[in-house]
Amino acid sequence: MRNTLSALYFSLTLEKRWIGGLVLLMLALVSGFFAQDFRLDASADSLILEDDEDLSYYRELSKRYGEEESVVVAYTPDGDLFSDAVLARIAALRDELASLEPVSSVTSLLDVPLLDSPRTNLSEVQEQVRTLADPDTDRELARREFTHSPLYKSLLTDPAGETTAMLVSLAGDAQASHLLRRREELRSAQRSGTLDPALRGELEQVTKAYAQISAQRQAQQQDTIKQIRAVLDRHSEQARINLGGLPMIASDMIDFVRSDIRLFSILVGGFLILLLAIAFRQLRWVLVPLSICVVVSLAMVGLLGMMNWPVTVVSSNFTSLTLIITLSLVVHLIVRYRELQSVQTGASQSELLRETLRSKFAPSVFTTATTVVSFGSLVIADIRPVIDFGQMMVWSVVFAFLLSFLMFPWLLGRLRPSGGSSEQDASARITRGFADSVHRHGRLVLLGYLGLSVLAGIGISRLGVENRFIDYFKDSTEIYQGMVLIDKKLGGTTPLDIVIDPPASFGQAKPKDDFADDFLDDFADEAATGTGISGSSYWYNVFALERLKAMHAYLDGLPETGKVLSMATTMELITMLNNDDPPDNFTLAVMHGRLPPAIKQQLFDPYLSEDGNQVRFAIRVIDSDKNLRRDALLKKIRHDLTEQFELEPEQLHLAGALVLYNNVLQSLFKSQILTLSAVFVAIMLMLWALFGSLRLAMIGVLPTVFAATSILGLMGWLDIPLDIMTITIAAITIGIGVDNTIHYTHRFQEEIRRQSDRWQAMLNTHGSVGRAIYLTSVIVTLGFSILALSNFVPIVLFGLFTGLAMLLALIANLTLLPLLLVKLGPPAKTIQA
């Protein structure tokens, strides 16, 4: 059977080459057709945990309190913010933004109701709601109101009155919301095991429909951000304008991804051409691997388009990794071919290719399998973009192996053997130097690795996961600059919602104000509109609101929080409308029923449910605070609210972007342990199967485990936390680094079978496959380092640390591995033939 498959393979690639050519042509056509569906994704869904219950609660909360997608325009004029000329420019900017079709509304300091410019009361606001644009508004009193109001201060203006914010709300999509809601319902049924075949089919259809409409909305949103920026550019001559908000961040991240893919592909491609030319100094050894890399990349892009599989900021480096992995495979084939050519001078091209492919097939299969396992282990993580990245790279590695072994003989089959040979170049001298060092200073080498391992272990114990989202972006980007400005002047950037329900016993005993209820019974028309809420709700009454006021003060006093809004804010303004007298329950009920819709929408809707039984604190956290520790902050808030304010744990819910991001961060340690454990065990078993020796398998994993743990330890010593990209370094290092271990050990076994002297076998292995290991490792190391040019800092760190890990793996495979094979390897008679 094995001989039959081998004969068929060589027939397709060397004899009946037209069949192989037809396969490649069809692959190129199919890939090119589906490549047009290739898309990018930087939505919030692409950076979350799988099946995060907090996400479902947050979506429900946003729907209940009317949260819309929006961007923030921070406007700092050259002159006085409250001068006629500046307000006229703000009005012109507002109107131009509002005229954009995707914009549903624009809220500026010109549009919000003013209650203290001059002071007004309930009867007056029922007749007219004053704004800054009204001619009878006292401009100086308005300045004071905006800079001191519990509602507007650090929300619409900074405390100094120099910068103002505009909230640009974007039009929603009812169909997308419906599809998302239905998808989540069906996924919930799937998790609970109640999804029947009919609903399973509906889930597939809804998922596909939502993916399509999300892609359309993402493209529309990008266009909207471009339109907004075009408007802002026309108004930027006399003001500093910064744009912020999640839609803008998502749009810019897509641009980052697109730019990274383009940049990485060009630079890595050009870099690989240069390295190949320097290493082999023959045109064929540049064109052959380059052709294979191009076809593999095209096949991957086509596959992603066909499967409607979007590329996120985490997986944006898949093209460069695909090129690096493919080239690593091909370089091993080239080095082996040239080695055979140097010793079999009379062999034909067909004989050289057959022997090259035969001798490298088994180690290449196992190196491919170990790399697949390393990337495949990432699916154990709970983080959606990491899972997608792992799955994409599994396919990339499979394509790299299949197309390398198909195209290498197909491209070279009609060429004559080249005149070059495996001459003693710089790589041979370097690998010989490693071999001599191991031979002469073996004990010192072992002591060095032992000491470094201890340091790595200490560094790993210092490793953390707390990192600032703002640090994901370079300080030259608008995302970074906008977040810093909003953090410093406009109350913070990262939303945190605290929602408090009534206690479980509330349905049995509700607070009651008999006088207010009896009085309100006389006003049936007002009672019908809900003015009796203070007598029927849990939170909207004098006693409960006093508790909320104390909670608000506690939350506002935390150093990590910026702007805090709640019913306590509303109470301050109601007191102002009540001639500075604290309202009783009757007044609260009247205020709730008689306030104009514009004011009620500002003061009640975002913070109190319709029945008054649920309240919401809208908090913004200062992400640029270097002392911010999200997990500790959330735990502190939960503990203090339940203990100090006697809340039942079931009453309290924390939600928002801060919670979702913290969930991702806290999952990193768990994901790191799971992925490392999975890849370690799987590769151990594979090496055992390949070499037929548990001892060799245990020796084989040590060099790359050392490299991976050393990088994690270095990150710990440098206080660089894990993030959604660096979490993948260890697993990838083991998976790719062990490839060199397999090639080296496989060749070492062959040398041992030829002669009993282990040191000579080591020298021979260094002089042959050691050179291929050196070349591929240099390519991989420098290829990863190119990722440092990304605009997304986690990719920069991923590139630099993975490149360094590959360098450490190279050194370990040329020093520690041969030393262990010589000292602890099994006897020659036990080695498989």
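Here are the numbers for the structure shown:
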| item | result |
| --- | --- |
| Relative contact order %, the chain, counting alpha carbon pairs below 8 Å whose residues are six or more apart | 18 |
| Nearest-0.05 FRET efficiency for residue 104 and residue 234, computed from C-beta distance (R0 30 Å) | 0.90 |
| Those aspartates and glutamates that a straight Cα-Cα span of less than 19 Å connects to residue 474, excepting residues fewer than 8 apart in one chain | 252, 255, 260, 466, 487, 623, 625, 719, 723 |
| Per-pair calculated FRET efficiency, R0 = 45 Å: residue 358 and residue 454 via Cβ, rounded to 0.05 | 0.55 |
| Linear extension gain, residue 443 paired with residue 28, 0.36 nm per residue minus alpha-carbon span | 144.1 nm |
| Burial order of peptide ranges 632-639, 151-158, 73-80, 120-127 (average beta-carbon count within 10 Å, highest first) | 151-158, 73-80, 632-639, 120-127 |
| Packing rank of 550-559, 357-366, 305-314, where each peptide gets the mean count of other beta carbons within 10 Å, highest leading | 305-314, 357-366, 550-559 |
| Summed residue charge, Cβ within 11 Å of residue 102's Cβ, Lys/Arg positive, Asp/Glu negative | -2 |
| Rounded if a/c under 1.5, otherwise prolate or oblate - region 554-639, Cα gyration tensor axes | prolate |
| Percent accessible area from carbon and sulfur atoms, the chain, protein chains only, probe 1.4 Å | 58 |
| Structure-based [θ]222 nm, the chain - -39500 (n - 2.57) summed over DSSP H runs of at least 4, per residue, nearest 500 | -21500 deg cm²/dmol |
| Among 473, 789, 329 - extreme Cα towards positive end, dipole of the chain, charges at beta-carbon | 329 |
| Residues whose placed amide H lies under 5 Å from that of residue 311, excluding near-sequence neighbours | 39, 40, 41 |
| Relative contact order %, region 740-833, counting alpha carbon pairs below 8 Å whose residues are six or more apart | 34 |
| Simple label model, 7 Å out from Cα along Cβ direction - residue 92 to residue 282, nm | 7.0 |
| Cross-link reach list, aspartates and glutamates versus residue 16, counting only Cα pairs under 20 Å and skipping chain neighbours closer than eight places | 351, 355 |
| Accessible solvent surface per residue of the chain, calculated while the other protein chains remain in place, 1.4 angstrom probe, Å² | 42 |
| Sequence ranges 196-208, 164-176, 739-751, ranked by mean other-Cβ count within 10 angstrom, highest first | 739-751, 164-176, 196-208 |
| Stretch gain in nm, segment residue 546-residue 258, where the contour uses 0.36 nm per residue and the Cα spacing is subtracted | 98.5 nm |
| Answer label, with Rg and Dmax of the Cα atoms in Å calculated from the coordinates and candidates (1) 29.2, 101; (2) 32.9, 112; (3) 38.7, 136 | (2) |
| Phi to ³J(HN,Hα) by Karplus 6.51 cos²θ - 1.76 cosθ + 1.60 over region 101-114, Hz, x for Gly, Pro | 4, x, 8, 8, 6, 10, 10, 10, 5, 7, 10, 7, x, 10 |
| FRET efficiency estimate (nearest 0.05) - Cβ-Cβ, residue 688 to residue 759, R0 25 angstrom | 0.45 |
| Positive minus negative residues near residue 760 (Lys, Arg vs Asp, Glu; Cβ under 12 Å) | 0 |
| Difference of contour (0.36 nm per residue) and Cα-Cα distance, residue 343 to residue 471 | 40.6 nm |
| Net charge over other residues, Cβ less than 11 angstrom from the Cβ of residue 318 (K, R count +1; D, E count -1) | -2 |
| Reach of residue 549 by Cα under 27 Å, taken over lysines that are not fewer than 8 positions away in the same chain | 63, 153, 488, 489, 510, 512, 563, 600, 635, 636 |
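The values are calculated or read from the model by the stated rules, or taken from the named source; none is laboratory data. Please read these numbers as outputs of a predicted model, since none were measured by experiment. Methodologically, a virtual Cβ is constructed for each residue, glycine included, from the backbone with ideal geometry; neighbour enumeration extends over all protein chains shown. Note: accessible area is taken over every heavy atom of the protein model, side chains too, but ligands, DNA and RNA are not part of it. Shrake-Rupley method; radii C 1.70, N 1.55, O 1.52, S 1.80 Å.
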